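Take a look at the structure set out below.
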Amino acid sequence: MAHDHHDHHDTHHRHDTGHGHGHDHSDMDWAEMAPLLQAQAELYTPLYRQAMTWLAQEVTEPGLVVDVGSGPGVVSCLFADTFPGARVVAVDGAAPLLERARDRAARQGAADRFGTLAGDLPGVLDELDYPADLMWASQSLHHLGDQRAAVAALAGHLAPGGTLAVLEGGLPARFLPRDIGIGRPGLQARMHAVEEDAFAEMRANTPGSMAETEDWPAMLTAAGLKHTGTRSFLLDLPAPLTDEARAYVTTSLSRLRDRIGDGLDATDRATLDRLLDPADEAGAHRRQDVFVLVAHTVYTAVRPA
């Protein structure tokens, strides 16, 4: 679902960040990952609400909303709240995450119009009872080998006049000033560069991977849809952070250390280790200049009536 570049299933980047898993990650313990994914999606709720306000201008009264690569259902439940007349189906490859989605919908009083679908994307969408009026794919398509074919498959499950909204790309999360007073200035920019290389490697190693220019409007058009809009949404959590936001930052940096630490030079690794030391006054657990700033881009397209 959403996994390790801009941490979709992870927590930062478009890769592992929090929402969007739909492919098979047999090496991932989703029950263990679920609290992290849920916390990240909850932190990003202001950004998602902005996107939904924008979508609601195009999609007025959808009958069926499908969240493709839903993760633990935070965003699925936001859709249920945004469109109180709609049925919402959360689709993901990880059953433990869908269990959380169902529990969340029940707590919010939406269980009677909330469903889940477990299986690999995009084939599992064949089990939908009827076409979708709005389909949301957040950082899930980049985990599928043939992204162009995946877009076409999603488009095929839209009702005439239905909208496909794809969240991919944007700007990676930034947490630190350029000069943090330790190590060499520009640490996070160098980390982002290593992340880009790791993302490219992930794409290349994805089963059935097809090289594809990341021109999402072109892919939507090639799928027979009419591109209707592109817009980026900002999450701006300035310093000083809440405890929840600081926990997100420290967890994200820790996961980055595990994932891309070997791609950094010794000086940057040492700086990152200091940032992750709870006892270090210069660490992310204590310093007052840590923030969260990230932009996600959403592309929309409509199936001709």
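The values are calculated or read from the model by the stated rules, or taken from the named source; none is laboratory data. Being a predicted model, the structure only gives us computed values, none of them experimental. For neighbour counting, all protein chains shown are included, and Cβ atoms are generated from backbone atoms with ideal geometry for every residue, glycine included. Please note that ligands, DNA and RNA were not included when accessible areas were found on the heavy atoms of the full protein model with its side chains. Shrake-Rupley method; radii C 1.70, N 1.55, O 1.52, S 1.80 Å.
Points worth noting:
- The charge dipole of region 54-130, taken about its Cα centre with unit charges on the Cβ atoms of Lys, Arg (+1), Asp and Glu (-1) only, comes to about 320 debye.
- Probe 1.4 Å, accessible area per residue of region 74-175, Å²: 34 Å²
- Net charge in the neighbourhood of VAL66 (other residues with Cβ under 12 Å of its Cβ; Lys, Arg +1, Asp, Glu -1) is -4.
- Residues whose placed amide H lies under 5 Å from that of LEU276, excluding near-sequence neighbours: ALA284
- Using the average count of surrounding beta-carbon atoms within 10 Å as a protection proxy, the listed peptides 52-59, 33-40 rank, highest first, as 33-40, 52-59.
- Atom-type composition of the exposed protein surface of the chain places 50 percent of the accessible area on carbon and sulfur (1.4 angstrom probe).
- For GLY170, nonlocal amide neighbours, meaning residues 5 or more places apart or on other chains whose placed amide H falls under 5 Å from its own, are THR297.
- Long-range amide H partners of ALA159 with built H, under 5 Å: ALA132, ASP133
- log₁₀ of I(q)/I(0) at q = 0.16, 0.19, 0.21 Å⁻¹ - region 166-258, Debye sum with one point per alpha carbon: -0.93, -1.12, -1.21
- Dipole magnitude (debye, nearest 20) for region 218-305, charges at Cβ of Lys, Arg, Asp, Glu: 640 debye
- In order along region 81-87, phi translates into HN-Hα couplings of 6, 5, 10, x, x, 9, 8 Hz, rounded to whole numbers, per the Karplus curve 6.51 cos²θ - 1.76 cosθ + 1.60 with θ = phi - 60° and x for Gly and Pro.
- Lys, Arg +1 and Asp, Glu -1 on Cβ, resulting dipole of region 41-196 about Cα centre, debye, nearest 20: 600 debye
- Most positive-pole-ward Cα, THR300, LEU121, ALA270, against dipole of the chain from beta carbon charges: THR300
- When the charge dipole of the chain is built from unit charges on Cβ atoms (+1 for Lys and Arg, -1 for Asp and Glu) and taken about the Cα centre, the candidate among GLY181, MET52, PRO35 whose Cα reaches farthest toward its positive end is MET52.
- Descending principal axes extents, region 66-175, alpha-carbon based, whole Å: 42, 36, 25
- The helix-only estimate of mean residue ellipticity at 222 nm for the chain, built from DSSP H runs of length n ≥ 4 each weighted as -39500 (n - 2.57), is -11500 deg cm²/dmol after division by the residue total.
- Relative contact order (%) - the chain, alpha-carbon pairs under 8 angstrom, separation at least six: 19 percent
- Residue-by-residue Karplus 3J(HN,Hα) for region 150-163, coefficients 6.51, -1.76, 1.60, Hz, glycine and proline x: 5, 4, 5, 5, 4, 4, x, 9, 8, 6, x, x, x, 10
- Under the criterion of Cα pairs below 8 Å and six or more residues apart, the relative contact order for region 224-288 equals 28 percent.
- All alpha carbon pair distances within the chain were sorted into 20 Å bins beginning at 0; the resulting P(r) in whole percents reads 36, 55, 9, 0.
- Taking 1.002 mPa s as the viscosity and 20 °C as the temperature, the Stokes-Einstein diffusion coefficient of region 210-292 based on its alpha-carbon Kirkwood radius rounds to 135 µm²/s.
- Beta bridges from DSSP with both residues in the chain: antiparallel share about 50 percent, rounded to the nearest 5.
- Residue-wise HN-Hα coupling along region 254-265, computed from phi with Karplus coefficients 6.51, -1.76, 1.60 (Hz; x: Gly, Pro): 5, 5, 5, 4, 5, 8, 10, x, 5, x, 9, 6
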